[in-house]
Amino acid sequence: MIEIGNTTKVFGSGETAFTALRDVNATIQGNEFFTLLGPSGCGKTTLLRLIAGFEPPTMGSIKLGGRDISRLPPNQRPVNTVFQNYALFPHMSVAQNIAFGLEMLGKPKSEIQSTTDEMLRLVQMEELKDRRTSEISGGQQQRVALARALAPHPEVLLLDEPLSALDLKLRKEMQIELKRLQNETGITFVFVTHDQEEALTMSDRIAVMNAGEILQVGSPREIYERPSQRFVANFIGESNFLDADLKGGTVTLADGSTFSVDVPEGVADGHVNVLVRPEHTSARAGEPGEGEIAATIDTIVYSGEATTVHLRLASGEPLKSRMGNTPQGSTDLPGEGGNVAVTIAPGAITVLRD
Amino acid sequence: MSDATYKPGELEAEARAADNRHRWLLSLPAMLLIIFAAAGPLLVMVVYSFLAPGDYGNVKWEFSLEGWMNTVIQRDIFDDTLIWADAHLSIFWRSLSLSLITTVLTLLFGLPTAWFIATQPSGKREFWLYLITVPFWANLLVRTIAIQELIRSEGVINLVLLKLGLIDAPIQMMFTNFAIGFGMTYVYLPLMVLPIYASVDKLDFRLVEAAHDLYASRWTAFRRVILPLIKPGIIAGSILVFIPSLGAYVTPRVLGGGKNLMFGNLIELQFGQGRNWPLGAALSLMLMAAVMVALIWYVRVTSREQADG
Amino acid sequence: MADFPKPRKGYSVRTLPGFAVVAIFTLFVLYAPIMILVVYSFNDGSSLAIWEGFSLRWYQQAAANEAVQDAAVRSLFLAISAASVATVAATMAALATTRTRHFPGRTMIYALINQPLMVPEIVTAVALLIVFAAVKVWTGHTSMIYLIVAHTAFCVPFAYLPIRARLETMDTSLETAAQDLYASRWLTFRRVTLPLMWPGIVAGLMLAFVISLDDVVITEFVKSAGQDTLPTYMLGQLRRVVTPEVNAISTVILFAGAILVALFFRLTNRRG
């Protein structure tokens, strides 16, 4: 329902020109929790502001439900924003903040009243409805900002890193809360964050961005298990990158072991980089048998729920292997410098495009 | 494939142009007011300075350089030759010297005052600041009248001196250069104190401690460390006192009487009994030029200060 | 319990010999003339030499003086009109020139708004005299409009400064949020910007009011016969015998000014 077509945004001009978005294309569905994920400066907030209408695009189009809204000012787009610093009106109470959008739309008083009450109930702020927004806590402010943006029942809700100012526990609670709200209201949520774990837990689909471009769009599982390129693989979760030789659906690692893989589009035979997630590998003491790889231990790191073993393969490449700890104690491993045999789970090898 | 209906950068350019238009429209009332009743009339005055004086005041609409010439030259009443307008020249000299004296005096008294206030502990400082600021806000005329009450023949100073038997007859202080200088120093003092206060407030006293640690006496430390560091405040204060002094009107009128004219009074004369509007206009422009020179000097000095770090 | 010796006054880099003395002396001299003026306005006699008892007769005399009443009313009317119009114009100008990237013409607008502060009052007064004289001849009109226009113009920069200062403390994200919530430009201003900048506007209004009330030079040159304000009336009186009536009026002006300025500082120092 939101179509972003060949959109480019350049700030400044001449020597100081900065390209924040470079020919970006994306389609966001209705009733979807869509996340823009990337490091600072990747353009995700810029894209959000373009959808909201706070900046005009330099090139390209933004469409909502088939209608080109690129020229519309923000107060004519059925899109509402939850700002990173909340931007609550300090001279108005909680209830007045929430009612603001409806007032501006000229809704009848009774409707404003009932919708405001409904929103207050939704975010559990009924008790504080007459408080000044400067007198409530950060978490409460966040909920008011949410209610204020939802009250006018927009077609799209934009959220600009709304949880970044909250402490960990509150953050996790709000993540669940936001997901629930999106399900209940059926409104399309476009969520911006740099926290990959947050993106993975909340989203229906994620767009990974870097340096003004969208690198990959997919479900959390797709992004995690089948990243298309090195940056995406590196940004999400932990990674092992290995050199390999690709020939007709089979890769051969440096030590000679072979694995069959899905070859992504556009990748030719020859040298490739492959990705293996640490939790898809395991290591045991002893010499490698059939289908196993020889390695020596550099360090062993115990982290409560798992043990990560930093290994060195015969080829000299490093490999991280993570294994869950069982109640019986950690797996049997020699100390540093010891020899182990590494098993890579079937289907765990992903060929990267770069 | 994008099917946008506009050219690259067009939407941004439109938004920017609309924003510019909007800002200009908002500024219009203020701009018009000032153009018609502050800045514009100055241009009219330039025109008038090149016209001929009318017989009963106002002007005759014919070109004449008499206005400008009469600022420094006049016709000898006996033999009609051109000679220097001594009266004018002495007035220029008085204005310049009194303004300089006022600046120096306000500096001499203002610097210790500013220093004292700025070095007070934080709780008491607000009190002293308030104390120095309040007279500044009092009406200029009222402050001038207050000085008059001090120095006139039946004023406070004479009464006290007579009572104490130190003098037999009242000293004539009113209507002298002394009166004007004293009055201006009194009236413009707060303007010197405030910028110097700001400079001292920003002073890093550890530098002074370092000077003392290296065996400097208090006086040497003041001369070689403190003074250079608070120079920006001193310069700002000097300009803030000098410029209004140069163009002073009320204080010299009340305290100097009709005999000791300063620039401002000389200008007024041309629109009163002097009936020489072009001369008045030319003199005003001269005053403005002098003020501009002072301001340019100020800008030069402060940017040099900033360049030296 | 042991008696600890009193700590000796320490060495401090902040004291300079003689400075405190000069400072106290200066402050004393600063206040003395004004104090004398105020005290003697309550003197029953008319001479500074003899205190004849507390009395309000000079105040009563001033209040009964028709010329004084006329001048006082005119001063107030002038100050209220000029300050109001100047504040509206300054508010609009502040909104246009604050919290913005550099736009073409901004420097010029800035320079124009601050122009009255750059030029000595006597020069402005003379220029206005010239222009208004011509207009008066041309239209035959000699009402107070000239004074009002002149005062409004020089009040603009004074109203502008506190309004601008207040505006700069407000970041634009609130207005952006209002627009996001369907507010038009006007409604954004009325419901969000205006309430938040209000203390600055009131401060600007008060400052402009005081400046207009106190003005002598420009008023003196622009007024027509019979259009005295309180300061120009007093200036005229000073040419003749110095009466304590002038003292009384001065004291009233002083206190009115002090109250207004105190209010101004309360408004500009309060947060939010």
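The values are calculated or read from the model by the stated rules, or taken from the named source; none is laboratory data. The structure presented is a predicted model; accordingly, all values stated were derived computationally and were not measured. All Cβ positions, even for glycine, are placed from backbone atoms using ideal geometry, and neighbour counts span all protein chains on display.
Selection over region B:57-83 of residues that are of a type in the set (Ser, Thr, Tyr) and farther than 15 Å from residue B:274 by Cα gives a count of 2. Checked against the criterion of being within 11 Å of chain C (Cβ to nearest Cβ), assigned to a loop (DSSP other than H, G, I, E, B) and over 30 Å from residue C:134 (Cβ atoms), the candidates B:211, B:216 yield just one match: B:216. Can you name the condition, by its number, that residue A:29 falls short on among (1) within 10 Å of chain B (Cβ to nearest Cβ); (2) surrounded by fewer than 19 Cβ atoms within 10 Å (Cβ to Cβ); (3) polar (S, T, N, Q)? The failed condition is (1). Screening residue B:132 on (1) assigned to a helix (DSSP H, G or I); (2) under 25 Å from the mean Cα position of the chain (by Cα); (3) away from chain C (no Cβ under 11 Å) shows it passes everything except condition (3).
Given the residues C:196, C:254, C:205, which is the only one that is part of a helix (DSSP H, G or I), modelled with pLDDT of 90 or more and within 8 Å of another protein chain (Cβ to nearest Cβ)?
Details: C:254 fails: modelled with pLDDT of 90 or more; C:205 fails: within 8 Å of another protein chain (Cβ to nearest Cβ).
From the options C:196, C:254, C:205, the qualifying one is C:196.
Check whether at least one residue in region A:175-197 is assigned to a helix (DSSP H, G or I), more than 25 Å from residue A:64 (Cα to Cα) and within 12 Å of the chain's Cα centre (by Cα), and report yes or no. If you could, list the steps in order and put the result at the bottom.
The first filter runs over region A:175-197 and keeps only residues assigned to a helix (DSSP H, G or I), leaving A:175-185, A:196-197.
If we keep only those that are more than 25 Å from residue A:64 (Cα to Cα) as well, we get A:175-177, A:196-197.
With the extra rule that they be within 12 Å of the chain's Cα centre (by Cα), the set shrinks to A:196-197.
Yes; the residues of region A:175-197 include at least one that is assigned to a helix (DSSP H, G or I), more than 25 Å from residue A:64 (Cα to Cα) and within 12 Å of the chain's Cα centre (by Cα).
Evaluated against (1) assigned to a helix (DSSP H, G or I); (2) within 11 Å of another protein chain (Cβ to nearest Cβ), residue B:248 falls short on exactly one condition, (1).
Here is a yes/no grid of residues against (1) modelled with pLDDT of 90 or more; (2) of a type in the set (A, V, I, L, M, F, W, C):
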residue	(1), (2)
A:201	yes, no
A:206	yes, yes
A:222	yes, no
A:228	no, no
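Does residue C:183 meet the test of being farther than 22 Å from residue B:272 by Cβ and either within 14 Å of chain A (Cβ to nearest Cβ) or surrounded by 21 or more Cβ atoms within 10 Å (Cβ to Cβ) (or both)? Please lay out each step first, then the result.
Values: farther than 22 Å from residue B:272 by Cβ: yes; either within 14 Å of chain A (Cβ to nearest Cβ) or surrounded by 21 or more Cβ atoms within 10 Å (Cβ to Cβ) (or both): yes.
For residue C:183, the condition - farther than 22 Å from residue B:272 by Cβ and either within 14 Å of chain A (Cβ to nearest Cβ) or surrounded by 21 or more Cβ atoms within 10 Å (Cβ to Cβ) (or both) - is met.
Beta carbons closer than 7 Å, at least 6 apart along the sequence or on distinct chains, pair a first residue in region A:292-312 that is closer than 18 Å to residue A:341 by Cα with a second that is of a type in the set (Asp, Glu) for A:293/A:255; A:294/A:255; A:297/A:336; A:298/A:336; A:299/A:336; A:310/A:298; A:311/A:298; A:312/A:298.
With the structure loaded, tell me whether residue B:191 is within 10 Å of chain C (Cβ to nearest Cβ), in a helix (DSSP H, G or I) and of a type in the set (A, V, I, L, M) or whether it fails that test. Can you show your working first?
Numbers: within 10 Å of chain C (Cβ to nearest Cβ): no; in a helix (DSSP H, G or I): yes; of a type in the set (A, V, I, L, M): yes.
No: the conditions fail for residue B:191.
None of C:149, C:135, C:131 is free of Cβ contacts under 8 Å to residues at least 60 places away in the same chain and touching a Pro at 6+ places or on another chain (Cβ under 8 Å) except C:131.
Only residues that are farther than 19 Å from residue B:245 by Cβ, surrounded by fewer than 18 Cβ atoms within 10 Å (Cβ to Cβ) and out of contact with any strand residue (DSSP E or B) (no Cβ under 7 Å at 6 or more places or on another chain) were counted across region B:270-298, and they come to 3. Residues that are assigned to a helix (DSSP H, G or I) and more than 27 Å from the chain's Cα centre (by Cα) are absent from region B:83-93. Restricting attention to region A:291-325, the residues that are among the charged types (D, E, K, R) and assigned to a loop (DSSP other than H, G, I, E, B) add up to 3.
If I go through region B:108-129 residue by residue, how many of them are within 15 Å of residue C:20 (Cα to Cα), assigned to a helix (DSSP H, G or I), out of contact with any Phe, Trp or Tyr (no Cβ under 7 Å at 6 or more places or on another chain) and more than 7 Å from chain C (Cβ to nearest Cβ)? Matching residues across region B:108-129 total 7.
Can you confirm whether residue B:6 is in contact with a helix residue (DSSP H, G or I) (Cβ under 9 Å, 6 or more places away or on another chain), within 14 Å of chain A (Cβ to nearest Cβ) and surrounded by 15 or more Cβ atoms within 10 Å (Cβ to Cβ)? Outline the logic, then answer.
Working: in contact with a helix residue (DSSP H, G or I) (Cβ under 9 Å, 6 or more places away or on another chain): yes; within 14 Å of chain A (Cβ to nearest Cβ): yes; surrounded by 15 or more Cβ atoms within 10 Å (Cβ to Cβ): yes.
Answer is yes for this residue.
Taking region A:115-139 as the range and being free of Cβ contacts under 8 Å to residues at least 24 places away in the same chain and not in a loop (DSSP other than H, G, I, E, B) as the test, the residues that pass are A:117, A:118, A:121, A:126, A:127, A:135. Name every residue in region B:39-70 that is away from chain C (no Cβ under 14 Å) and not acidic (Asp, Glu), in order of residue number. Passing the criteria: B:52, B:63, B:64, B:65, B:68, B:69, B:70. Being under 20 Å from residue B:42 (Cβ atoms) and touching a helix residue (DSSP H, G or I) at 6+ places or on another chain (Cβ under 7 Å) is a condition met by no residue of region C:183-205. Within region C:119-146, the set of residues being among the polar types (S, T, N, Q) and either within 28 Å of residue B:243 (Cα to Cα) or touching a Lys or Arg at 6+ places or on another chain (Cβ under 6 Å) (or both) comprises C:124, C:142. Out of the residues in region C:142-173 that are among the polar types (S, T, N, Q) and over 30 Å from residue A:85 (Cα atoms), which is nearest to the chain's Cα centre (by Cα)? If we take residues in region C:142-173 being among the polar types (S, T, N, Q) and over 30 Å from residue A:85 (Cα atoms), then C:152 is nearest to the chain's Cα centre (by Cα).
Residue by residue, here is whether (1) touching a Pro at 6+ places or on another chain (Cβ under 8 Å); (2) crowded, with 16+ Cβ neighbours inside 10 Å; (3) free of Cβ contacts under 8 Å to residues at least 40 places away in the same chain holds:
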site: A:165; (1), (2), (3): no, no, no
site: A:172; (1), (2), (3): no, no, yes
site: A:176; (1), (2), (3): no, no, yes
site: A:179; (1), (2), (3): no, yes, no
site: A:183; (1), (2), (3): no, no, yes
site: A:186; (1), (2), (3): no, no, no
site: A:192; (1), (2), (3): no, yes, no
site: A:211; (1), (2), (3): no, no, no
site: A:220; (1), (2), (3): no, yes, yes
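Exactly one residue out of B:266, B:261 is modelled with pLDDT of 90 or more, assigned to a helix (DSSP H, G or I) and surrounded by 16 or more Cβ atoms within 10 Å (Cβ to Cβ), and it is B:266. Residue count for region A:57-85 satisfying the condition of being more than 22 Å from residue C:175 (Cβ to Cβ) and assigned to a loop (DSSP other than H, G, I, E, B): 3.
One line per residue, one yes/no per condition, for (1) closer than 20 Å to residue B:180 by Cβ; (2) under 14 Å from the mean Cα position of the chain (by Cα):
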| residue | (1), (2) |
| --- | --- |
| B:224 | no, no |
| B:233 | no, no |
| B:243 | yes, yes |
| B:278 | no, no |
| B:287 | yes, yes |
| B:295 | no, yes |
